[in-house]
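Just below is one structure, and these are the notes that go with it.
The values are calculated or read from the model by the stated rules, or taken from the named source; none is laboratory data. Since we're looking at a predicted model, the values are computed, not measured. With ideal geometry, Cβ positions are generated from the backbone for all residues, glycine too; neighbour counts draw on all protein chains shown. Please note that ligands, DNA and RNA were not included when accessible areas were found on the heavy atoms of the full protein model with its side chains. Shrake-Rupley method; radii C 1.70, N 1.55, O 1.52, S 1.80 Å.
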Amino acid sequence: SAFASLTILTNSPPVSGDLIIYPDTGLELSTLFSIHTYGWVDSVDDYPLVYSYYYTSTYLETSYLSIQSTFKYLSAVLSRGDETDNYSGYIVIEASDIYNSSSNISTVIFVK
């Protein structure tokens, strides 16, 4: 008789992140928006975390504001949001650990 054992370890993504955007309303290519993410937690063995920042609206393709950076703060001037939806767009922040396991958070922003 034979016996075999296999242990598979899985990795969980960062969790519990949040973001602040100031101001949440502004003018295209004029207002400087401050974007800050904080509160992300992960297993101590999975650090450092990196953050990717995106801006998107329904008529616009995704704009990459910053990719795979350790910075938790970003300032950006943005293009106009969706005119058919009160000039809304979305800021998305994706947090990733060293194994590329990731999760994201987003919030609406209005850019006229």
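Values as computed for the structure displayed
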{"read-out": "Max mean-square fluctuation residue, GNM over the chain, Cα-Cα springs under 10 Å, options Thr62, Thr70, Thr84", "value": "Thr84"}
{"read-out": "Rounded to the nearest 10 Å², the accessible area of Leu6 at probe 1.4 Å", "value": "140"}
{"read-out": "Magnitude of the charge dipole, the chain, Cβ model with Lys/Arg +1 and Asp/Glu -1, debye to 20", "value": "140"}
{"read-out": "Two-site label geometry, Ser30 and Ile67: point separation in nm, points 7 Å out along Cα→Cβ", "value": "3.2"}
{"read-out": "Label corresponding to mean projected area of the Cα convex hull in nm² when calculated from the structure given, among [x] 10.9; [y] 6.4; [z] 9.3", "value": "[z]"}
{"read-out": "Positive-end extreme of charge dipole, the chain - chosen from Val77, Tyr38, Ile67 (charges on Cβ)", "value": "Val77"}
{"read-out": "Mean separation of Cα contacts under 8 Å, 6 or more apart, over the residue count of the chain: relative contact order %", "value": "31"}
